[in-house]
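A short reminder: the numbers here are calculations on the coordinates, not readings from a lab. Source: prediction; values computed, not measured. Note that each Cβ is placed from the backbone with ideal geometry, even for glycine, and that neighbours are counted across all protein chains shown.
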Amino acid sequence: MHVRGNIMLLLAAFIWGTTFVAQMVGMDGLGPFSYAAARYALGFLFLVGLWFVWQGPRRTAKQAGTYRPGWKAGLGAGCIMFLATSLQQVAMLYTTAGKTAFITALYIIFVPIGAAFLGNKIRWENWLGAVLALAGLYYLSIHGSVELSFGDVLVFVSALFWTAHILFIDRFACLVDPIELSTTQIGICTLGSVIFALLWETATVSAFTHAWFAIFYGGVMSAGVAFTLQIVGQKYAEPSQAAIIMSFEAVFGAVSSWLILGETMAPLQILGCLLMLTGMIVTQLGPVLSRVRRSA
């Protein structure tokens, strides 16, 4: 189950990373909140459909007495997630995408600190893996000036909310219905994005039509599938390991931008990808060594 959880989180990171390309294309004619409102609304509809499809397992869980509704937990997760995404979107008006990716992924360090503060034991390989992954993200994401701007401060605050979101999901993923949790949090993000889009942005029907594939991919695959995979995957992965695996969205984003948008990857960026891969492998040493000792 541990391996299955890691695979789910890695798949979620892949979807989020490739969604970065979709976002760049989708926001070509749409404001960030208009694009977010459209993608989250589509993701919400997808998850509502998935909730109806999932009635069989839910009925079985109710009969077994193991069912716990996820609506209330989803409200908390949705509020945290909306604040994190909104701060990140506004910040990108004042800073670069590379610095945004790097500062956001500081949750690699913040998550184990927060988990330790909450009483979880963090093993040495998790700390080492986090440092390696953070160094890799630096080489992958930072280009040119490293001076702090107003946007960088907003991204830093956003990273704190992403840390809270990961720890919140870790707390409730094993306790409640994951589809209901995911549906509610995406619903909250939809509502918030619609309100902010109506207040601050103007969008045309043709702009939404032009960005239909980016909205579809960002809605169904990212908002619908990937965030659900995160919730289910975190049932089986420690929060510090989950943070490192999910940070691979930066690697997948860089590679997909290179393949699809034609952006170049410098040697230092390739080194960054290798360091991140090394960091993820290091975090798996503890469970592997434990299984070897038990079988010896």
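Observations on the structure shown:
- Stretch gain in nm, segment Ile260-Tyr94, where the contour uses 0.36 nm per residue and the Cα spacing is subtracted: 57.2 nm
- Peptides 117-128, 237-248, 161-172 ordered by average Cβ neighbours within 10 Å, highest first: 237-248, 161-172, 117-128
- In Hz, Karplus ³J(HN,Hα) per residue of the stretch 188-195 (6.51, -1.76, 1.60; θ = phi - 60°; x = Gly, Pro): 4, 5, 4, 4, x, 5, 4, 4
- Lysine pairs meeting the criterion (Cα under 23 Å, 8 or more apart or interchain), as found in the stretch 2-288: 4
- Under the convention that each Lys and Arg Cβ holds +1 and each Asp and Glu Cβ holds -1, the size of the dipole of the stretch 2-288 around its Cα centre is about 920 debye.
- Spatially, the stretch 201-215 and the stretch 43-68 are offset by 32 Å when compared through their Cα centroids.
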